1. Identify all residues within segment 588-604 that are in contact with a helix residue (DSSP H, G or I) (Cβ under 8 Å, 6 or more places away or on another chain) and either in a helix (DSSP H, G or I) or within 14 Å of residue 668 (Cβ to Cβ) (or both); write none if there are none.
2. Which of the residues that make up segment 495-511 are surrounded by fewer than 24 Cβ atoms within 10 Å (Cβ to Cβ) and either within 16 Å of ligand 3 (Cβ to nearest atom) or not small (Gly, Ala, Ser) (or both)?
3. Check off (1) in a helix (DSSP H, G or I); (2) in contact with a helix residue (DSSP H, G or I) (Cβ under 6 Å, 6 or more places away or on another chain) for residue 273 and give me the number that stays unchecked.
4. Here is a check on your reading of the model: is residue 474 more than 16 Å from ligand 2 (Cβ to nearest atom), without any contact (Cβ under 8 Å) to a residue 12 or more places away in the chain and not acidic (Asp, Glu)?
5. Which one is farthest from residue 684 (Cα to Cα), of the residues in segment 705-734 that are β-branched (Val, Ile, Thr) and within 16 Å of ligand 3 (Cβ to nearest atom)?
6. Have a look at 189, 173 and point out the one that is within 16 Å of ligand 2 (Cβ to nearest atom), of a type in the set (Phe, Trp, Tyr) and crowded, with 17+ Cβ neighbours inside 10 Å.
7. Among the residues of segment 667-681, is any over 20 Å from residue 567 (Cα atoms) and surrounded by fewer than 18 Cβ atoms within 10 Å (Cβ to Cβ)?
8. Could you please give the count of residues in segment 240-263 that are surrounded by fewer than 22 Cβ atoms within 10 Å (Cβ to Cβ) and either of a type in the set (A, V, I, L, M, F, W, C) or assigned to a helix (DSSP H, G or I) (or both)?
Amino acid sequence: MQVRRRIHVAGIVQGVGFRPYVYRLATERHLAGQIANTSSGVVIEVEGAAEVVEDFLSSLPTQAPPLALITEIRVVEIDRTGEINFCILPSHPSASVRTLISPDIATCADCLREMFDPADRRYRYPFINCTNCGPRFSILKGIPYDRPQTSMSIFPMCPNCLAEYEDPRNRRFHAQPNACWECGPQLEFCDSRGQRLSVEDPIAEAVAKLRAGDIVAVKGLGGFHLAVDATNSGAVERLRERKRRIEKPFAVMVSNLETVSHFCMLGAEERELLCLPQRPIALLPRKDPCPLADSVAPFNSDLGIFLPYTPIHHLLFKESDLQALVMTSGNLSEEPIAIGNSEAVARLGDIADWFLFHNREILLRCDDSVLRRTGGRTRQIRRSRGFVPVPVFLKRDFPPTLAVGGELKNTICLLRGREAFLSQHIGDLENVEAYKFFHEAVDHFQRILEVRPGIVAYDLHPDYFSTRWVQKQQGIQAVGVQHHHAHIASCMAENHLEARVIGFALDGTGYGTDGHIWGGEVLLADYVDFKRAAHLAYVPLPGGAAAIREPWRLALSHLWASFGPDLLKLPIPFFRKIPQAKILTVLRMMERQVNSPLTSSCGRLFDAVAALINIRHEVNYEAQAAIELEMCRDEAAAGRPYPFGLSEAGDPMQIDSRPLFQAIVEDLLRGATMGEISQRFHDGLVEALAAIARILRKRTSMNTVCLSGGTFQNACLASHLEQQLQSQGFEVYTHSQVPAGDGGISLGQAVVAAHHALSGDLSLRFTKRPAGREINNIAAAIPASFCHKS
Ligand SMILES: [Zn+2]
Ligand SMILES: [Zn+2]
Ligand SMILES: [Zn+2]
């Protein structure tokens, strides 16, 4: 029996080779019909024998091109037309309005094969790409995604490229960045002032400089990298000095998987992570000994490793004996990554010795993404290149909503129907350049997604730059969302949870509704509202931001809370490391309640333990003390988990860390190792949190737990708590699509605000601004100094 079917396919199905794919699928089966791009995806009509059409339909989603992402297929029966050919209809100008834009993807195996084939016309061409790979998001001006709307518009295709571009059977059919030696972008090699040098082969020149230990700024896909030979410690140290980055680990690009296995422990899961088509930076355990320079990641047992992902990277490695290059974002400390050639000379000219430029403009900066595997799951640490702008799909439709994120590791989020579009990593907004980038991202996302939000969500912190930006906007409904509520809502949204949950939101800093600095929070939360069920008991944060840079102040704060004025009599090594005058000043500060805002922060609890056992008294980048505390754990030496106190009667319940510090001091006095103390601390925290979950289950009958907040980037805490809770019958949800840290809160803000709009209740608007003094205290507690230290 002959039939004709009309098939609507939604998702990322334009600009990814979907139409040639369907064309092949249909013509191989001798089916007639057509395919066209529409405003919501593609529409296919196929006509032929019923069983062949069925076969076509079942193959359609399973063999789709690598970059395609199908979110919906709808099939209807229609009248036959008697057509005998299959054809691709031209795009209608308004076609791409609601379709999804593909992210930037690593060079595919087919293109690599061609690039290293001396007989191929693109032999060694540094901009080779096809519909399965290459730049997308970062070269996009507007929609529809067509060559005139990209930075390739200035390169008219040569007849050969055009023929490929127009041939539905070709791998480059409608590959917008398609180019070759004859018609496309070219490399050039320049000195540190941007003066072009007349060199025969810019790649060979860059390789020679890298091998000599020089710093070369390499223009990549989403921005510039600063590259040096990662095995040359003098070169790496010079880069640290010039970039003013003291100890924060550098990412390392390694020539291939085989070489990675010399530097890191590499299991099947890690291999898979490194080889994702997005080619993220993967955090991997370092081997000991490791041939890389120690200064690549001092005091760190993990390395951030990625594989080459542009043709330029492949050429640099393939045509040299370089094994590993530090490839760190082209910026000064925490500024956004540089993208323009003249911008790069202005911002990086004092850091880089040379520039490897090209003339394909990057229109949207996009840092490398960072992922890790823990507890059998892939976790996003920084969601950026390769993942943006693929949306997180939500369970229901929402009105157009913009969320402006937090202050640190800012991302923004736009809701469009069921799709939540998180931006790439924008950075710390207290940095002027990052704040400019925030504006660009807000404009660009609204333009490429064609969304005009009527609702804008923001963090309750009155001094966040994102909050202030919202307060200046007119004609929108602004909804303030508490920081930790946003964390939990973000976890709920990506996991499609509807009912109220027990939410553990653990992080460094978030503005509380009582004006204090929250961060060790247990909430009973849904999308509309939350109740603070328990939190770490408040301790003073003596010196505000200074205490975040100097964790020893937190150790002192906890000792003060645990031992009172007797603390100075404790014969522990900690006191021998800190000048007594400093100690007395800080004690006086806390006594007189001067510049000592109160905090329930879990991040600061880690800082305090790390400082007390002399792992680190001052930090050079965010969470450094906590990371080093996690790394020094010694599972073999561990004894009983440390105790925490819990006042069940309180509302909210207080988690008392005094018993913890009393036990640590006892251990220090008997000469316990750092590894043992760290392990007992981690285990104790897991036990205390699990106990709270059980109490709350008993009281509320709720059995679903969400884990969110930057502290859950601690793999030990995250996986042990998850296992512990699961073993006690809880349903546990964590993050996998967006970061657990502040890079993920814009999603939570957006869904909370959109729910308020749906319920007609926008009463959260500018809630509870506390008195001026508290605001100043809390603003001072934000680590402003990190923008020029790390
Ligand atoms: Zn390709
Ligand atoms: Zn060409
Ligand atoms: Zn947070």
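1. Scanning segment 588-604 gives 590, 602, 603, 604.
2. 495, 496, 497, 498, 500
3. Condition (2) is where residue 273 drops out.
4. It is true that residue 474 is more than 16 Å from ligand 2 (Cβ to nearest atom), without any contact (Cβ under 8 Å) to a residue 12 or more places away in the chain and not acidic (Asp, Glu).
5. 734
6. The conditions single out 173.
7. Among the residues of segment 667-681, at least one is over 20 Å from residue 567 (Cα atoms) and surrounded by fewer than 18 Cβ atoms within 10 Å (Cβ to Cβ), which makes the answer yes.
8. The number of residues fulfilling the criteria is 9.
The values are calculated or read from the model by the stated rules, or taken from the named source; none is laboratory data. Computed from a prediction, not measured in an experiment: that's the story for all the values here. Here the Cβ is made from the backbone with ideal geometry for all residues, glycine too, and neighbour counts use every protein chain on show.
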